[in-house]
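Okay, so here's the structure we're looking at.
The values are calculated or read from the model by the stated rules, or taken from the named source; none is laboratory data. All values derive from a computational prediction rather than experimental measurement. Counting neighbours? That spans all protein chains shown, and the Cβs are built from the backbone with ideal geometry, glycine included.
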Amino acid sequence: MNKRGHVLNAALLSVGLGFLVEPAGSVETYVTVLEVGVPVVLGALFPDVDTAFGRHRKTLHNLPVLVGFLAFPVVFGNLEFVWIGIFTHYVLDAAGSKRGIALFYPLWDREFGLPIGVSVGTRGAGVVTVVVTALELAVAAVVLHWPPERAIELGEAAIRAAVGAAAG
Ligand SMILES: [Zn+2]
């Protein structure tokens, strides 16, 4: 996926997450979108730094890097939501493009991806980005708002908010 796809995915995901955390649609919702959205978008841009430093889709596209960003806030009390951006970048690269990512680099060079990817930069890439984002929000709704009835209700609201943001 290209930068445009990653930023779109991260921004829409943040809108949806804002509604999942603060469903009221009030000022708190928009503050949460901002609070989560900036670090998530920055995190989503980070892995492709390996186009310039290291080997693309390997050096910064692997599970050790994700674990590092999960551990960082625990150790340093900083960069709390950046891992979400890293994670969604991996999902979009693995699911939304023809080439996979080297999940176990540097132990194993092999790139893993789902066989459903489309070519980067095509019209289909935009559709895949929105679909992947909606699926991620559905999972987030379940994680944040179990039991399922509440999760489904809020998940639908979050996806509507994200898709609305994509359309507008
Ligand atoms: Zn990438």
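Descriptive notes on the structure:
- No other residue among P64, P106, P147 is more than 30 Å from S26 (Cα to Cα) and away from the ligand (no atom under 16 Å from the Cβ) apart from P106.
- Counted residues, the stretch 23-72 - those being modelled with pLDDT of 95 or more and within 18 Å of A134 (Cα to Cα): 6
- Flag if V128 is among the β-branched types (V, I, T) and crowded, with 17+ Cβ neighbours inside 10 Å: yes
- Here E28 fulfils each of the conditions (1) surrounded by 13 or more Cβ atoms within 10 Å (Cβ to Cβ); (2) within 12 Å of the ligand (Cβ to nearest atom) apart from (2).
- V142 surrounded by fewer than 17 Cβ atoms within 10 Å (Cβ to Cβ), within 19 Å of A95 (Cα to Cα) and modelled with pLDDT of 90 or more: no
- In the set (1) touching a residue at least 12 places away in the same chain (Cβ under 8 Å); (2) on the phi > 0 side of the Ramachandran plot, G54 fails one condition alone, (1).
- Residue in the stretch 113-120 that is within 15 Å of the chain's Cα centre (by Cα) and surrounded by 15 or more Cβ atoms within 10 Å (Cβ to Cβ) present: no
- Residue count for the stretch 111-132, restricted to those that are modelled with pLDDT of 90 or more and within 16 Å of the ligand (Cβ to nearest atom): 5
- With respect to the stated conditions, G68 is surrounded by fewer than 21 Cβ atoms within 10 Å (Cβ to Cβ) and within 28 Å of V143 (Cα to Cα).
- Helices (runs of 4 or more DSSP H) completely within the stretch 1-102 that count 1 or more residues being more than 16 Å from the chain's Cα centre (by Cα) and of a type in the set (G, A, S): 63-76
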